[in-house]
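The values are calculated or read from the model by the stated rules, or taken from the named source; none is laboratory data. Please read all numbers here as calculations on a predicted model, not as lab measurements. Ideal geometry is used to build each Cβ from the backbone, glycine not excepted, and the neighbour counts take in all protein chains shown.
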Amino acid sequence: MARPGPIIGRVLRLPVALYDIGAGGLLGHRFLLLTHRGRRSGRLYRTMLEVVHWDSAKREAAVMSGFGPNANWRLNVLAGGAVEVQIGGLRFTPAVRSLEREEAMRVVEGYEHRNRFAGPVVRGVFSRLAGFRYDGSTEARDRLVETLPLLGFKSGS
């Protein structure tokens with residue numbers, strides 16, 4: 001799975017600046033800033049992630065591991081390294097869980113529905129990230145959530 005180049009990498013880090021100046025709420029629940037501890041180094045890292053589903057009643061955000069199951073941030077979090085999530089105006093130490101396949105498929109389907117006018121773009125991005133032609137079918141969605149797993153970050157308060 002291709003990593004972003006230096007220019008795209010800088011663009012993707014721009015929302016971090018909003019959180020740094022206390023204006024993360026401007027992003028609503030579309031992005032979250034994850035602070036996680038390296039599973040080997042113990043260093044703190046910050047990763048901006050797109051939220052594919054926000055459940056306001058549960059105060060839980062679902063995100064996709066766009067670089068696959070071995071993305072460092074995902075491995076760090078699953079090893080117990082989730083330190084903080086900032087989303088909208090919230091900051092919390094998250095409870096973390098892997099979404100089961102059926103739930104993950106529903107979340108992706110909902111994301112596609114909410115972004116239906118950008119459907120070709122969404123399918124193109126999913127295709128590029130997953131490494132296969134994603135057509136939005138149930139079979140492709142099943143393969144997608146296996147290739148690019150989803151995690152839930154829930155506020156305890």
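Annotations
- Index of the failed condition, Ala104 passing every other in (1) under 26 Å from Leu18 (Cα atoms); (2) out of contact with any Phe, Trp or Tyr (no Cβ under 9 Å at 6 or more places or on another chain); (3) in a helix (DSSP H, G or I); (4) not aromatic (Phe, Trp, Tyr): (1)
- Boolean, Val96 is part of a strand (DSSP E or B) and in contact with a Pro (Cβ under 6 Å, 6 or more places away or on another chain): no
- All conditions but one from (1) touching a residue at least 24 places away in the same chain (Cβ under 8 Å); (2) under 28 Å from Ala23 (Cα atoms); (3) in contact with a helix residue (DSSP H, G or I) (Cβ under 9 Å, 6 or more places away or on another chain); (4) surrounded by fewer than 16 Cβ atoms within 10 Å (Cβ to Cβ) apply to Asn115; the one that does not is (1).
- When Ala57, Ala79 are checked against the criterion of being surrounded by fewer than 19 Cβ atoms within 10 Å (Cβ to Cβ), hydrophobic (A, V, I, L, M, F, W, C) and part of a loop (DSSP other than H, G, I, E, B), Ala57 stands alone in meeting it.
- For region 128-156, taking the residues that are among the hydroxyl-bearing types (Ser, Thr, Tyr) and in contact with a Leu (Cβ under 9 Å, 6 or more places away or on another chain), the one that is surrounded by the most Cβ atoms within 10 Å (Cβ to Cβ) is identified as Tyr134.
- Single match in Val121, Val125 (criterion: without any contact (Cβ under 8 Å) to a residue 12 or more places away in the chain, among the β-branched types (Val, Ile, Thr), surrounded by fewer than 18 Cβ atoms within 10 Å (Cβ to Cβ) and touching a Phe, Trp or Tyr at 6+ places or on another chain (Cβ under 9 Å)): Val125
- Verdict on Arg133 being over 30 Å from Gly22 (Cα atoms), assigned to a helix (DSSP H, G or I) and either out of contact with any Lys or Arg (no Cβ under 6 Å at 6 or more places or on another chain) or modelled with pLDDT under 95 (or both): no
- Whichever residue in region 18-61 is among the β-branched types (Val, Ile, Thr) and out of contact with any helix residue (DSSP H, G or I) (no Cβ under 8 Å at 6 or more places or on another chain) and, among such residues, is nearest to Gly152 (Cα to Cα): Val51
- Pair list, Cβ under 9 Å, 6 or more apart: region 134-152 residue at positive phi, other residue among the charged types (D, E, K, R) and surrounded by 15 or more Cβ atoms within 10 Å (Cβ to Cβ): Gly136/Glu112; Gly136/Arg123
- Residue selected from region 36-47 under the condition surrounded by fewer than 18 Cβ atoms within 10 Å (Cβ to Cβ) and outside any loop (DSSP other than H, G, I, E, B), by the criterion nearest to the chain's Cα centre (by Cα): Arg46
- Selection over region 60-76 of residues that are without any contact (Cβ under 8 Å) to a residue 40 or more places away in the chain and either surrounded by fewer than 16 Cβ atoms within 10 Å (Cβ to Cβ) or not small (Gly, Ala, Ser) (or both) gives a count of 4.
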